[in-house]
Amino acid sequence: MKAMHSLYLLFTCAMCVACSSPCKVIWTEGPKDPETGKATHMMEIVNPPAGTEWTIWFNQFRTPVIMEEGAMADIQHLSGTMYRVVPMAEGKDTIRLRYQAKPLVNQCRAPEGFYLQKKGQKAEPLDAKYVFLPAEEKHSFEYTAVEVGVYDIIPRLKSVEMADGETDITALANGEVMMTEGQVPGWYRITIDGGITIEAADEAGAYYASVTLDNIRRNAAGKPVPNAVVTDWPDMPYRGFMLDVSRNFTTKDNLLKLIDLLAHYKVNYLHLHLGDDEGWRVEIDALPELTSYGAFRSIPVLAEDGTFSEPEALQVTYCTTPDRNDATSSGNGYYSHADYVEILRYAAARQIHVIPEFDTPGHSRAAIKSMEVRAQRTGDVSCLLSEAADTSKYTSVQDYTDNAINVALPSTYKFIDTVFDGIIALYEEAGVPLDAIHVGGDEVPEGAWVGSPACQALMAQNGWEKTDLLKDYFISNVLDIAESKGVKIAGWQEVAQHLQPETYEKLKRNVFTIYLWAVSRGRVDQAYTMANDGIQVVLSNASHNYFDMAYNDSKLERGHSWSGFVSEKTSFSFLPYAIKCKTELTQAGRPNIIGTQGQLWSETIRNFDHVSYYIFPKAVGQFERAWNAVPAWGKDDEEAFLADFDKFFSIVVEHEYPYYDSIGITYHKN
């Protein structure tokens, strides 16, 4: 390998000299050192510009870099995932930069998005070549294929009573639906006996019956089906999926495709993560800078003192193209007012509610920077989220030092009030219900607010000694805004934690649901504790339903692994009412576990093929479990579980793989 690489490099360098080919990068992965736990990687800059008045920008998941002595350039971390190469001496044919850093978890976490910028000139993209260590594809799990029939669909049907005879349903209309009282929401019954008869408890049940018939027709492939009576209903009222469009954007057209796919599995909630550090993705008419600025990324402007500014767009992060004018970049884009209304109506026609989320007060860099730009451009400081005199020092989980909203400023609550009004207006125009506005609430970095004069003055005024009470103050104010507008809020579990008794009771009155993401690592009790206390909970646990986790530990798989690996088998195995923990779910608390939700965070997503690959069929296990929450095998019968999974995954292979092929989406094969 080394010999071949050396020959390749010599040939490349010779070609560069001979034909003055443009600068490019070769990145070589180094093996893990068992003693230090680190790896020595190499970045080679082939045919670098003359002199030292240039830099190469790139993106990389945060890892401390230790340069080898005598390096001709330095690799510097600026913020988030943004790095740059700074030359210290003029190179000739190739600058070789060897540096120690973390071993590569998988190949998708290699540095990317290389752009060369000469002083005073526009940044230009560089070709990048990668030399990875050997890696192989892996099966996520083993299973035994079993026979499946036309009535085997996902989510699986509660009851199929077979009858004599067959019916060709290929061209048969579904007919009118007879509404039936006394059944649970979403209930339906289909009778196939020479014709098709549908009974349903409500509009949702009627729609689910039509979805089931579509699946049966598809499975039948034009052949008659055995006569039968199908009776079915969902166990959980909330069967959700969350898509992060902030870090990397999914266009409206692709989102509509995804909504169709979710409807195929009778998912009834789409949670859109619209605002985070890396982007704001829905137009708010009263605050146009949120999208005219905060929905785009570009190379920052670097000052002589090493500081940088972002006058035209947010800094580059989690994407490969730092050009705000590149419409193909997943870093750019937003849903216009009209787009979002269309999305809401499209989803509602498929019995899907849309929950909008804007993460606050942490994870808010896009909003903070957008409001700073608004103040600079218009002089309007009424919605500022930051304080110029704030000297707080902190680093967020994603390595930002400026992503926490200042909760002491009156303008913060003017901003939230304005955003709430904008969102409410969109739902009213669409004519669909707004179940809640999700306000995030997670991962405020330690140290935020400590150096803020406004926060310190507020604490002194109220006799508070700990900044923890500032979070309580923020949540209380947000709840007041929501209550005044007659809208519920939702949030991650941190929203309901460490509150003062009065604020906690206010939360219970005004919360739609709390999403429990950390029901692992010793924190599993929180879900049942909240449910037992009367708070509705959606189980969104990282260990089973974070679909940005890789399918398995192959370095060829995309995704994270900080919460383990998540495959179809992992999501299928989750038991909402039987989590192993110290807290027992009471009879009164059980109805408050209203559902489960899968999450797809988009740090490692660069296009819609990645979106569909992560979801399908990994998420299908979660869709099954939300509909059929209490499988017969329970939590301790491994043999019954394996038999049930064999049947389930056989359905995936025999019926869902061909469905994905027919609609042309990218998906993962075990």
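Rule-based calculations on the coordinates, nothing more; no lab input. Model, not experiment: these values are computed from the prediction. Here the Cβ is made from the backbone with ideal geometry for all residues, glycine too, and neighbour counts use every protein chain on show.
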- Ordering of 586-594, 175-183 by burial proxy (mean other Cβ atoms within 10 Å per residue, highest first): 586-594, 175-183
- Query: Taking Cα atoms of the stretch 2-131, Rg/Rh with Kirkwood Rh, to two decimals?
  - Reply: 0.95
- So if we plug the beta-carbon distance of Val397 and Asp33 into 1/(1 + (r/R0)^6) with R0 = 22 Å, what FRET efficiency do we get, rounded to 0.05? 0.25
- Item | Projected-area average for the stretch 292-385 over all orientations - Cα convex hull basis, square nanometres | 8.3
- As straight-line cross-link partners of Lys555, the qualifying lysines (C-alpha separation under 30 Å, not fewer than 8 residues apart within one chain) are Lys2, Lys24, Lys32, Lys38, Lys102, Lys129, Lys138, Lys257, Lys569, Lys618, Lys647, Lys669
- Ranked by how many other beta carbons lie within 10 Å on average, peptides 234-243, 126-135 from highest: 234-243, 126-135
- Whole-number percent relative contact order across the stretch 295-337, with pairs defined as alpha carbons under 8 Å at least 6 apart: 40
- Full-stretch length increase - Thr666, Ala89 - with 0.36 nm per residue and alpha-carbon distance subtracted: 203.2 nm
- Item | Sparse-neighbour loop sites [trypsin sites (Lys or Arg not before Pro); the stretch 603-670; at most 12 other C-beta within 10 Å; DSSP] | Lys669
- Message: At 7 Å along Cα-to-Cβ for each site, give me the label-to-label distance between Asp74 and Tyr577 in nm.
- Response: 6.1
- Do any trypsin sites (Lys or Arg not before Pro) in the stretch 521-588 lie in a DSSP loop with no more than 11 other beta carbon atoms within 10 Å, and if so, which? Arg521, Lys580, Lys582
- Place a point 7 Å from the Cα of Met178 in the direction of its beta carbon; the residues of the stretch 197-221 whose amide N falls under 19 Å from it are 197-210, 213
- How much length is gained if the chain between Lys647 and Glu147 is pulled fully straight, taking 0.36 nm per residue apart and subtracting their Cα-Cα distance, in nm to one decimal? 179.2 nm
- Taking the dipole about the Cα centre of the chain, with the C-beta of Lys and Arg at +1 and of Asp and Glu at -1, give me whichever of Gln376, Gln183, Val354 is farthest to the positive side. Gln376
- Starting from the Cα coordinates of the stretch 267-345, work out the convex hull volume and express it per residue in Å³. 117
- Note on the structure: In nm, the gap between the two label points placed 7 Å beyond Cα toward Cβ at Asn227 and Lys122 is 7.1
- Total charge of the residues flanking Met549 in space, meaning their Cβ is under 11 Å from its Cβ, with Lys and Arg +1 and Asp and Glu -1, is -1
- Task: Would you mind pulling out the separation of the Cα centroids of the stretch 259-293 and the stretch 351-380, in Å?
- Result: 12
- Query: Using helices alone, what [θ] at 222 nm do you get for the chain, with -39,500 (n - 2.57) per DSSP H run of 4 or more residues, divided over all residues and rounded to the nearest 500?
  - Reply: -8500 deg cm²/dmol
- Note on the structure: Taking every other residue with Cβ under 15 Å from the Cβ of Pro22 and scoring Lys and Arg +1, Asp and Glu -1, one gets 0
- Message: Just to confirm a number: summing +1 for Lys and Arg and -1 for Asp and Glu over residues other than Ala490 whose beta-carbon lies under 11 angstrom from that of Ala490, what do you get?
- Response: -1
- Lys138/Glu428 FRET efficiency (R0 51 Å; Cβ-Cβ; nearest 0.05): 0.55
- Message: Which order do the peptides 626-632, 655-661 come out in when sorted by mean C-beta neighbours inside 10 angstrom, highest first?
- Response: 626-632, 655-661
- Message: Straight-line reach only, C-alpha to C-alpha below 26 angstrom: list the lysines that Lys471 could link to, leaving out same-chain residues fewer than 8 apart.
- Response: Lys369, Lys393, Lys414, Lys485, Lys488, Lys506, Lys508
- Message: Using the alpha carbons of the stretch 225-296, what is the convex hull volume per residue in cubic angstrom, as a whole number?
- Response: 131
- What spacing in nm lies between the two simple spin-label points modelled at Ala588 and Asp533, each 7 Å away from Cα in the Cβ direction? 1.4
- Task: Work out how much length Ser382 to Arg523 would gain on full extension: take 0.36 nm times their residue separation and subtract the Cα-Cα distance, in nm to one decimal.
- Result: 46.8 nm
- Item | Listed candidates (1) 33.5; (2) 30.1; (3) 31.9 - label of the one calculated as mean projected area of the Cα convex hull in nm² | (1)
- Item | Percentage relative contact order, the chain, counting C-alpha pairs under 8 Å, at least six apart | 13
- Message: Straight-line reach from Lys582: which lysines fall under 19 Å, measuring Cα to Cα and dropping same-chain residues less than 8 apart?
- Response: Lys635
- Which FRET efficiency value, to the nearest 0.05, is calculated for Asp285 and Ser476 with the Förster distance at 25 angstrom and r the Cβ-Cβ distance? 0.35
- Item | In sequence order, calculated HN-Hα J values of the stretch 313-328 (Karplus, 6.51, -1.76, 1.60; Hz; x Gly/Pro) | 6, 5, 4, 6, 6, 6, 7, 9, 10, x, 10, 5, 8, 8, 5, 8
